[in-house]
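Single-structure report; data block below.
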Amino acid sequence: EFQEVIRHSYLSGYKSLALVAVTGLIMGLVLTIQSRPTLAEFGAESWLPAMVAVSIVREIGPVITALIFAGKVGSGIGAELASMKVTEQIDAMEVSGINPFKYIVVTRILSATLMLPVLVIAADAIAMYGAYIGVNIKGDVTFHLFFIKVFEKLYFSDVFPAFIKTFFFGFAVALIGCYKGYNSNKGTEGVGRSANSAVVYASLMVFIIDMIAVQIT
């Protein structure tokens, strides 16, 4: 269902971009401000751009963005599918000859799996800009010099594994949201419980996948 995949990609990707951008900016800014005093004690302030960049790209960017995604998209999927289950829309699809699993579940999982890596790239880029602002609060570093320092210590082996695991994050968030919504209890109480448990289990799964990815890479 290509049109449904595009629609859900717009909803889960573009609609989440503003939230992810603000989070990324604050993430880069706060990490830089917090790290500066420690590095200053050792006279290693020149390492600040590289340290923040590696921290954001390898761990903080993907994980925090995935958690934001789980909170916004995962809960939305859980609540939406639970509501469809309660109002018997899924049963109506089966009666009318439409495969609800293919139309409802597959499209949401596919769009989330494709959109989260894009959001992580955007969050990382904006977090870098936040780090640049943070460095210049108590210093004077040009934009060009800042990114030279960043890319001196940022290798392909840092970027690629971090990028690959975001696909698994997106898949897990959407899969758990769909499962919780699809298997919701009857009644309006079941909708709230499905949305809540979708966020909790999706967030937990993000940490588990991240731990496995770190062990492998």
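The values are calculated or read from the model by the stated rules, or taken from the named source; none is laboratory data. Note that the structure is predicted; figures quoted are calculated from it, not measured. No Cβ is skipped: glycine too gets one built from the backbone with ideal geometry, and neighbour counts run over all protein chains shown. Note: accessible area is taken over every heavy atom of the protein model, side chains too, but ligands, DNA and RNA are not part of it. Shrake-Rupley method; radii C 1.70, N 1.55, O 1.52, S 1.80 Å.
Remarks
- Solvent-accessible area assigned to carbon and sulfur over segment 30-80 amounts to 64 percent, based on a 1.4 Å probe.
- Kirkwood hydrodynamic radius of segment 130-207, Cα pairs, Å: 16.0 Å
- For segment 56-160, the average shadow cast by the Cα convex hull is 8.8 nm², which is a quarter of the hull's surface.
- Along the chain, counting only GluC sites (Glu not before Pro) with a DSSP assignment other than H, G, I, E or B and at most 16 other Cβ atoms inside a 10 Å radius, the longest segment between sites is 89-217.
- Those lysines that a straight Cα-Cα span of less than 27 Å connects to LYS165, excepting residues fewer than 8 apart in one chain: LYS15, LYS72, LYS102, LYS149, LYS153, LYS180
- Estimated FRET transfer efficiency when R0 is 30 angstrom, pair SER96-ASN185 (beta carbons, to 0.05): 0.80
- Cβ-based charge dipole, the chain, positive-most Cα from SER194, ALA174, TRP47: SER194
- Considering segment 1-113, its Cα convex hull presents a mean projected area of 8.4 nm².
- Measuring nothing but protein heavy atoms, the accessible surface of segment 113-217 at 1.4 Å probe radius is 72 percent carbon and sulfur.
- Relative contact order computed over segment 156-217 (Cα-Cα under 8 Å; 6+ residues apart), in percent: 42 percent
- Potential lengthening between GLN89 and VAL159 on full extension [0.36 nm per residue; Cα-Cα distance subtracted]: 20.9 nm
- Once the C-beta distance of ILE137 and ASN196 is scaled by a Förster radius of 45 Å, the resulting FRET efficiency is 0.70 to the nearest 0.05.
- Overall, segment 99-217 carries a charge dipole of about 420 debye about its Cα centre when +1 sits on the Cβ of Lys and Arg and -1 on the Cβ of Asp and Glu, all other atoms neutral.
- Of the residues ILE60, ILE148, ILE126, the one that moves most in a GNM of the chain with alpha-carbon contacts below 10 Å is ILE148.
- LEU114 sits with roughly 80 Å² accessible to a 1.4 Å probe, with DNA, RNA and ligands left out of the calculation.
- Over the chain, dividing the summed -39,500 (n - 2.57) contributions of all DSSP H runs of at least 4 residues by the number of residues returns a 222 nm mean residue ellipticity of -26500 deg cm²/dmol.
- Taking a span of 18 Å or more along the helix axis (Cα atoms) and a mean Kyte-Doolittle hydropathy of at least -0.5 as the rule, the DSSP H helices of the chain that qualify are 17-41, 107-137, 156-182, 188-216.
- Spacing of the two label points (7 Å from each Cα toward its C-beta) at GLN215 and PHE151, in nm: 3.6 nm
- Between THR113, THR32, THR87, the residue with the greatest mean-square fluctuation in the GNM of the chain (Cα pairs under 10 Å linked by springs) is THR87.
- Compactness relative to 2.2 N^0.38 Å, alpha carbon Rg of the chain: 1.18
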